[in-house]
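We did not get these values from a lab; they are worked out from the coordinates using the rules stated. Source: prediction; values computed, not measured. Here the Cβ positions follow ideal geometry from the backbone for every residue, glycine too, while neighbour counts run over all protein chains shown.
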Amino acid sequence: EPEVTQTPSHQVTQMGQEVILRCVPISNHLYFYWYRQILGQKVEFLVSFYNNEISEKSEIFDDQFSVERPDGSNFTLKIRSTKLEDSAMYFCASSREGNQPQHFGDGTRLSIL
Amino acid sequence: AQSVTQLGSHVSVSEGALVLLRCNYSSSVPPYLFWYVQYPNQGLQLLLKYTTGATLVKGINGFEAEFKKSETSFHLTKPSAHMSDAAEYFCAVSESGSARQLTFGSGTQLTVLP
């Protein structure tokens, strides 16, 4: 069964550095999402992306965050200048249509030192 | 605005016993409802979904859930627990329509005792 793939599985970065998290959605999916889960807290929505533009974003998704689909397969989340509170598990998801269930990757654990 | 409440952050059942994980939601529009399961060091796997139609929905691994609009509930059940069901379970809601964000509950850790 097709899967959403995320790399790396664990990223350790110094505070203030830029980080890029990568995702390869399922190949025939058109809608892409990022969520995060801070340790011990709920899974929170960050952003959704369709047709090369952001569809929705949460309050968490401020100017430090950006998303891009640089080619036909990758979907990336960039954090420009990381803060300690950005430490979390970041999940990428994709769906075939906007009202179809979202399929999640295994996540990238981001640790900010 | 939507919200999801999962009653019980930890639930323990004996192997072979009924599993009942509770989920209540609030939504100002007709919701889509989901249950996801997360095994250690893995992502979220869809168990089942309710969008429209039949209010009792069946999912993978013998799980099912019933949408009760009057109670704003979407509880997850399985008649007989198996050791392999031990995991964290998340209830989620989205608005119907396109590219809607999921709002998750805080999760319920299910332990299955031998």
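Coupling constants for region A:60-72 follow from the phi torsions by the Karplus curve (6.51 cos²θ - 1.76 cosθ + 1.60, θ = phi - 60°), and in residue order they are 5, 7, 8, 5, 6, 9, 8, 10, 8, 10, x, 8, x Hz; glycine and proline get x. Taking a virtual spin label 7 Å from the Cα of A:ASP63 along the C-beta vector, which residues in region A:77-113 bring their backbone nitrogen under 15 Å of it? Residues A:80-82 fall inside that zone.
Database remark: amide H of B:SER106 closer than 5 angstrom to the amide H of B:GLN6 (H placed geometrically; neighbours at sequence offset of 5 or more, or on other chains; Pro and chain starts carry no H). Basic side chains Lys and Arg get +1 at the Cβ, acidic Asp and Glu get -1 at the Cβ, and with that the dipole of chain B about its Cα centre reaches some 220 debye. Report the calculated FRET efficiency for A:GLN17 and B:MET83 (r = Cβ-Cβ distance, R0 = 35 Å), to the nearest 0.05. Result of the calculation: an efficiency of 0.25. Database remark: amide H of B:HIS82 closer than 5 angstrom to the amide H of B:GLY16 (H placed geometrically; neighbours at sequence offset of 5 or more, or on other chains; Pro and chain starts carry no H).
Given R0 = 45 Å, the distance between the Cβ atoms of B:GLN109 and A:ASN52 translates into a calculated FRET efficiency of 0.70. Distance distribution P(r), chain B, all Cα-Cα pairs, bin width 10 angstrom from 0: 15, 50, 29, 6, 0 percent. What does the charge count around A:MET15 come to, taking other residues whose C-beta lies under 13 Å from its C-beta (Lys +1, Arg +1, Asp -1, Glu -1)? Result for the local shell: -1.
Based on the Cβ-Cβ distance from A:LEU39 to A:ARG80, what FRET efficiency comes out when R0 is 25 Å, to the nearest 0.05?
Details: r = 23 Å, r/R0 = 0.91.
FRET efficiency, A:LEU39 to A:ARG80: 0.65.
Taking Lys and Arg as +1 and Asp and Glu as -1, the other residues whose beta-carbon sits under 13 Å from that of A:PHE61 total -2.
Near A:CYS92, within a Cβ-to-Cβ distance under 12 Å, what is the net charge of the other residues, with Lys and Arg +1 and Asp and Glu -1?
Values: positive: A:ARG22, A:ARG36, A:ARG69; negative: A:GLU3, A:ASP106.
Net charge in that neighbourhood comes out at +1.
Please state the charge dipole magnitude for chain A, taken about the Cα centre, from unit charges on C-beta atoms (+1 on K and R, -1 on D and E), reported in debye and rounded to the nearest 20. Present the calculation step by step, with values, prior to reporting the outcome.
Numbers: 10 positive and 15 negative charges, 38 e Å.
Dipole about the Cα centre, nearest 20: 180 debye.
Let me check against my output: what whole-number percent is the relative contact order of chain B, with C-alpha pairs under 8 Å and at least 6 apart?
Numbers: 290 pairs, mean separation 43.0, N = 114.
Result for chain B is 38 percent.
Couplings for region B:52-62, taken from phi via the Karplus curve 6.51 cos²θ - 1.76 cosθ + 1.60 with θ = phi - 60°, read 9, x, 4, 7, 9, 10, 9, x, 7, 6, x Hz in order; Gly and Pro are left as x. Across chain A, Cα pairs under 8 Å and at least six residues apart give a relative contact order of 39 percent.
What shape does chain A have by the C-alpha gyration tensor, where a ≥ b ≥ c are the square roots of the eigenvalues, rounded means a/c under 1.5, and otherwise prolate means a/b greater than b/c and oblate the rest? Prolate. Whole-Hz Karplus values for region B:11-16 come out as 10, 10, 9, 7, 4, x Hz, taken residue by residue from phi with 6.51 cos²θ - 1.76 cosθ + 1.60 and θ = phi - 60°; glycine and proline positions read x. This ranking places A:SER48, B:SER14 by how few other beta-carbon atoms lie within 10 Å of each, fewest first, which gives B:SER14, A:SER48. For the protein assembly as shown, DSSP calls about 90 percent of its internal beta bridges antiparallel.
Please average, across the residues of A:93-103, the number of beta carbons from any other chain that are within 10 Å of each residue's own beta carbon, and give a whole number. If you can, show how the numbers build up before the last one.
Details: counts 3, 0, 3, 0, 2, 5, 9, 5, 10, 11, 4.
That works out to 5 on average.
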